[in-house]
Amino acid sequence: MGAALTAADPAQDSLWLTRAVVAAVHKLNQPELLEHGRQLRLRKRAPGKNFMVDLVDLETGEILDELPPEAVMRMMAELETNREGEM
C-alpha cells in the first residue's frame, strides 16, 4: 500500500497563501491593470490573524478598500482567464 494520507499542515497552507498573494499583488500593481495613483499593499493584522490587502490612494495615503487574500487570488484568476481568452 501507499503512504498514509495526512491532514494538510495549516502553517504550510498559510505560507503558500502568503507567497501566492504577494506574487498576485506584484502582478496586479502593474500600471495597465490598476487605476493610476492606486496601489495594492499587504497589511499585517494582529498576531494569529491573516493579513489583508489594502487598495491605497498614493496621493493621499488613504485606504480606499480592504480586500481579504482570497479576493486578490480571485482577481488574479480572473485576469489569467481573460488573458487566455485573448490568445
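Worth a mention:
- Cβ pairs under 9 Å, 6+ apart, first in the stretch 47-73 and under 11 Å from T18 (Cα atoms) and exposed (fewer than 14 other Cβ atoms within 10 Å of the Cβ), second modelled with pLDDT under 90 and of a type in the set (K, R): none
- The set of residues in the stretch 74-87 that are small (G, A, S) and surrounded by 11 or more Cβ atoms within 10 Å (Cβ to Cβ) contains only A77.
The values are calculated or read from the model by the stated rules, or taken from the named source; none is laboratory data. The structure displayed is predicted, hence computed values, not measured ones. FYI the Cβ positions are ideal-geometry reconstructions off the backbone, even for glycines, and counts take in every protein chain you see.
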